Amino acid sequence: MAIIVGSAAIALPATAQQTPPAFEPRDETPEQYPPGPNRDDTFYFCVACHSFQIVAQQRMSRSRWDDVLTWMTERHKMPDVQGEERDKILDYLSTAFPETTQPRGWKNPFAPK
Amino acid sequence: MSDKRERTIVDLRMEDPERADATIFGRRTDVSRRGFMNGAGLAAMSAAVGGTIVHSATMPGGLIPAALAQDAKKAPEAAAAQGPQPFSFPGKDPGLSLLGERPLVAETPEHLLDDETTPLSKFFIRNNGQIPEKAAQPDAWELTIDGEVNSPLKITLGELKKRFATKSLYAVLECGGNGRSFYAPQARGNQWTNGGAGCAKWTGVSLAEVLKAAGPKASATYTAHYGADQHLSGDPKQVTLSRGVRLPKAMEPECLLVWAMNDAPLENIHGGPLRLLIPGWPGSVSHKWLTRITLRDKEHDGAGMTGFSYRVPINPMVPGGKGDPKNFKILESMPVRGIITNPANGTKLPAGTREIALRGAAWAGDDTVKAMHVSTDYGATWQQVELGNPRNKFDWQRWTARIKLPGDGYYEIWARATDSNGRMQPHAAPNWNPQGYGGNPLHRIAVLVG
């Protein structure tokens, strides 16, 4: 997987305007999120539109993360990623932000595997 | 880049240079949820909450004490070295909880909803797209009413103010996803607790009067709303959000075209200079920066109307499952919800405290709240509280109570509202759905005496 070098540093806002924006989000870097293979590429891919905060709020199974990518493409025109690249993104997301379950106690007997 | 299989993520990004050039903004999350404590016994739990769990006998298995849930929420991510960054926005209370910066989303912790009317500084923020620039000349803002009407209307805010009677009301505005964080497994989207809601005084003109001025045709059955906020991707062809309601709802006298909030001109961050207010229904139909309302002869199919968006299952589905879009219906009236606004979750009280004064609020979408109950023993016994009347339809109802405590220690206070149809808040978030709409379990706080 290719690594992006310094793209954040040289980037300009997508919609450069004369007047200052109503709100200036703070800088965000991949290092703020759980380490793991493919973290940086996943980060830079997703933050093209929104903060990674919205991603890191979630805890989902791999198959539900897969649904999220499909939804991003269908609803928000995220570039369609398939094959190995999709696997890498899903590997990171489902490892860094997995579905949380209780080890014992009440359990959903029908929970999707 | 010719062979699809050889393309990297970076290449895909470069296909759209404008998007790829988008500045990398944001910050680390402060809303991480680390999940449950592994096999914690009562002793360990008591140690962790720093006091005796007084009504432990009736504390349901599988529920983590509210105090622990609160700590879990604050626990930093493994990789995040810096502490949570404070929320900062001009005119807003730094105590709001930031859920995301792009788009900007912040909720009001329950204890900051303690005012009878929520001040601007404490009102939650929800954006779906980019925040437009503040309008230089508010009265020149233009609204179009078209579609299934006899005489399409193009009218400025200045003309609206002159031509139609001004109307004010107190109304709850509540995000459709309020309470989403209570779902298990976690549902997708912003992880609201109960604070994607507030009650303000809204001033504007009747939506029904303005629609009537355009002469709705007999064929008109549904509205479609459009705002000026751009899609997050920066692509002008993409619609950020376009939702609508059945025409009879839009014609209710409490639906307003709003230009003032709490007697001040409507702030840009809340959709000023002109927004819709469709009280009782998910906030997303109350479009901000409103530019157009199109009447349709069928249900609206705009951005946010289809799939699982703002929809709930007709027949209950397996939590965590895929869901069949055909089994979903549009979420209209919001479900009943009651909150404790005083004391705050995590309050420490002096040893010997044997009575606490409680305050709170309750509301129920299109309905009213019939009763409010509190419990200090995990729901084994309930006490009915003093519940006020709404100032007008769609206002929230404030409540007060005094509760007695048998001794020092750790207590949870649970609060449960019952709506005018007799429906109570459940103990757990009901009717799981992929995007987590309708999560209205009762509110729990923890206090420590001594």
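The values are calculated or read from the model by the stated rules, or taken from the named source; none is laboratory data. All of these numbers come straight from a predicted model, not from anything done at the bench. Ideal geometry is used to build each Cβ from the backbone, glycine not excepted, and the neighbour counts take in all protein chains shown. Quick note on the areas: whole protein, heavy atoms, side chains included, nothing else; ligands and nucleic acids left out. Shrake-Rupley method; radii C 1.70, N 1.55, O 1.52, S 1.80 Å.
In order along segment B:356-369, phi translates into HN-Hα couplings of 10, 8, 9, 9, x, 9, 8, 7, 8, x, 6, 9, 10, 9 Hz, rounded to whole numbers, per the Karplus curve 6.51 cos²θ - 1.76 cosθ + 1.60 with θ = phi - 60° and x for Gly and Pro.
By the rule of a C-alpha distance below 17 Å, with chain neighbours fewer than 8 residues away ignored, the lysines paired with B:Lys370 are B:Lys393.
Around the amide H of B:Gly176, modelled in the peptide plane, lie the amide H atoms of B:Gly283, B:Ser284, all under 5 Å away and 5 or more residues distant in sequence or on another chain. Per the accessible-area calculation with a 1.4 Å probe, the total area buried between chain A and chain B rounds to 5900 Å². For B:Arg292, the residues whose amide H sits under 5 Å from its own are B:Thr144, B:Tyr226, ignoring neighbours fewer than 5 places away on the same chain, with H placed 1.01 Å from N. Annotation note: GluC sites (Glu not before Pro) in segment B:247-326 located in DSSP loop regions with a Cβ neighbour count of at most 12 within 10 Å are absent. Spatial offset of segment B:411-450 relative to segment B:134-163 amounts to 41 Å, using the alpha carbon center of each.
Going by a ≥ b ≥ c, the root eigenvalues of the Cα gyration tensor, does segment B:378-450 fall in the rounded group (a/c under 1.5), the prolate group (a/b larger than b/c) or the oblate group? All intermediate terms of the calculation are to be shown ahead of the outcome.
Details: a/c = 2.31, a/b = 1.28, b/c = 1.80.
Oblate, because a/c is 1.5 or more while a/b does not exceed b/c.
Judged by the mean number of other Cβ atoms found within 10 Å, the most tightly packed of the peptides B:394-401, A:59-66 leads the ranking B:394-401, A:59-66. What is segment B:97-330 by shape, rounded, prolate or oblate, if you read a ≥ b ≥ c off the alpha carbon gyration tensor as root eigenvalues and call it rounded for a/c under 1.5, prolate for a/b larger than b/c, and oblate otherwise? The shape class here is oblate.
The mean number of Cβ atoms from other chains found within 10 Å of a Cβ in peptide B:169-175 is 0, as a whole number.
Only protein heavy atoms count here; on that basis, with a 1.4 Å probe, B:Ile314 has an accessible area of about 90 Å². For a straight C-alpha distance cut-off of 18 angstrom, the aspartates and glutamates reachable from B:Lys329 (same-chain residues fewer than eight places away being disregarded) are B:Glu299, B:Asp301, B:Asp366.
Counting only residues at least eight positions apart within a chain, or on another chain, the lysines with an alpha carbon under 25 Å from that of B:Lys154 are B:Lys134, B:Lys162, B:Lys167, B:Lys212, B:Lys217, B:Lys237, B:Lys249, B:Lys288, B:Lys298.
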